[in-house]
Amino acid sequence: MTMTTKKIKSKSSRILSALHKTAAGLHAAGVMEQATMREFDALCLTPIEPMKPAEIRALRQREQVSQPVFAHYLNVRKDAVSKWERGEKKPDGPSLKLLNLVKAKGLKAIE
């Protein structure tokens with residue numbers, strides 16, 4: 001990802017956050033329907049992107065934890081992290097969501 005792409009994503013993230021806060025206020029005031037609020041909630045979710053084995057390894061190393069510790073944070077077996085990093089299996093579902101959250105916000109986000 002280029003620096004320009006990061007700036008755009010960061011800026012759009014701030015804009016979405018501000019829009020969501022405004023929408024929540026409108027909903028609380030009774031001006032916005034629940035269905036519309038759910039649409040705003042969905043827009044603001046952390047995107048889930050597939051991760052390559054090297055990305056998972058680099059993410060774990062960035063967080064400075066071993067495979068067993070990383071597995072504990074993600075609530076998976078150590079074997080799973082090892083297989084992801086070797087490319088034998090791919091994370092999916094809740095595991096992939098947690099990996100994307102850790103990528104975006106660090107391990108502190110899922111403690």
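A residue that is out of contact with any Pro (no Cβ under 6 Å at 6 or more places or on another chain) and on the phi > 0 side of the Ramachandran plot can be found somewhere in region 75-83. Consider region 57-99 and keep the residues that are of a type in the set (Lys, Arg) and not in a helix (DSSP H, G or I). The one that is nearest to the chain's Cα centre (by Cα) is Lys90. Annotation note: Cβ proximity below 6 Å between a residue of region 88-111 that is among the small types (Gly, Ala, Ser) and modelled with pLDDT under 95 and a residue that is surrounded by fewer than 16 Cβ atoms within 10 Å (Cβ to Cβ) and part of a loop (DSSP other than H, G, I, E, B) (sequence gap 6+ or interchain) occurs for Ala104/Thr46. With respect to (1) surrounded by 11 or more Cβ atoms within 10 Å (Cβ to Cβ); (2) modelled with pLDDT under 85; (3) over 30 Å from Arg86 (Cα atoms), the lone exception for Arg14 is condition (1). Of the numbered criteria (1) of a type in the set (A, V, I, L, M); (2) under 19 Å from the mean Cα position of the chain (by Cα); (3) surrounded by 11 or more Cβ atoms within 10 Å (Cβ to Cβ); (4) not in a helix (DSSP H, G or I), the one Met32 fails is (2).
The values are calculated or read from the model by the stated rules, or taken from the named source; none is laboratory data. Predicted model only: the values in this text are computed from it and were never measured. Please note: Cβ atoms are built from the backbone with ideal geometry, for glycine as well, and neighbour counts cover all protein chains shown.
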